[in-house]
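What follows is a set of notes on a single structure, which appears directly below.
The values are calculated or read from the model by the stated rules, or taken from the named source; none is laboratory data. Remember, predicted model here, so these are calculated numbers, not experimental data.
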Amino acid sequence: MLGGPTDDGVMDLWRVAMNTVGQMTKDELREMIETIIEQKLLELLGDPDEGLSIREAIRERLLRQKEAVASGERGEPFEDVIQRLGLG
């Protein structure tokens with residue numbers, strides 16, 4: 001296999017990974033690749049907001065919004081959005 005690993009144990013893992021990827025839909029593969037790229041970029045570049053302070057009023061507002069979403073007062077279920085946009 002061109003560009004693949006050569007160690008026997010690693011080859012077994014490589015085969016499992018290739019079989020798994022081979023069973024993915026295009027959207028699943030795209031999502032996996034996007035996630036890997038995002039993780040790698042964060043690893044290499046870091047969080048640009050790390051170390052910055054946030055105003056107390058903004059922090060409180062974000063916490064209230066998070067609580068509202070968690071309790072169902074705010075936000076829209078993912079399934080409803082998919083249906084509303086005609087994506088499902």
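Of all residues in the range 22-66, those satisfying the criterion of being over 17 Å from the mean Cα position of the chain (by Cα) and among the β-branched types (Val, Ile, Thr) are Ile54, Ile58.
The set of residues from the range 43-65 being closer than 27 Å to Gly75 by Cα and in a helix (DSSP H, G or I) comprises Glu56, Ala57, Ile58, Arg59, Glu60, Arg61, Leu62, Leu63, Arg64, Gln65.
Under the condition of being modelled with pLDDT under 85 and charged (D, E, K, R), the residues counted in the range 38-49 number 2. If the condition is being at pLDDT below 70 and among the polar types (S, T, N, Q), then the range 1-31 contributes only Thr6.
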